[in-house]
Amino acid sequence: QLQASGGGLVQAGGSLSLSCAASGRTFSRYAMGWFRQAPGKERELVAYIYGDRIEYGDSVKGRFTISRDNDKDTLFLQMNSLKPEDTAIYYCGATLRGWGSAAIWGQGTQVTVSS
């Protein structure tokens, strides 16, 4: 029901744009967000959006921008000034009640930033 796309390989300082297409239900009432998980690390918040509220993880503030198009049930993540430490699998998620077991997750897309 959540299909992420747009990952790839980019050099440090470059940009990538991720998309997450939602289907199967109306997601306009859901909080939607991006999380990432690097090898050997915990999954961490990148950004989420819920109505007018937007929150970013500290490590991406000022570099990443999250947005959504409710008419198209699509979530976006514009990533600029990428760093090697941004390398991870990026997952899009949606939830009505927190980011734990109630959340719905997509399959993830790999982002690799070379130095």
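Please treat every number below as a calculation from the coordinates, not as lab data. Quick caveat: nothing in here was measured; it's all calculated off a predicted structure. Here the Cβ positions follow ideal geometry from the backbone for every residue, glycine too, while neighbour counts run over all protein chains shown.
For GLN107, neighbours were defined as the other residues whose beta-carbon sits under 15 Å from its Cβ, and their charges (Lys and Arg +1, Asp and Glu -1) total +2. Kirkwood's formula applied to the C-alpha pairs of segment 26-70 gives a hydrodynamic radius of 11.4 angstrom. Dipole magnitude for segment 27-115: about 80 debye, using +1 per Lys or Arg Cβ and -1 per Asp or Glu Cβ, origin at the Cα centre.
A cut-off under 12 angstrom between Cβ atoms defines the neighbours of ALA21, and their net charge, with Lys, Arg +1 and Asp, Glu -1, is 0. Each semi-axis of the equivalent ellipsoid for the chain is √(5λ) with λ an eigenvalue of the Cα gyration tensor; in descending order they amount to 22, 14, 13 Å.
For ARG63, the shell of other residues with beta-carbons less than 9 Å away shows a net charge of +1, using +1 for Lys and Arg and -1 for Asp and Glu. Counting only DSSP beta bridges with both residues in the chain, the antiparallel share comes to about 90 percent. Figure legend: label point modelled 7 angstrom from the Cα of LYS83 along Cα→Cβ; no residues of segment 17-52 have amide N under 14 Å from it. Of all lysines in the structure, the ones whose alpha carbon falls short of 22 Å from that of LYS61, not counting any fewer than 8 places away in one chain, are LYS41, LYS83.
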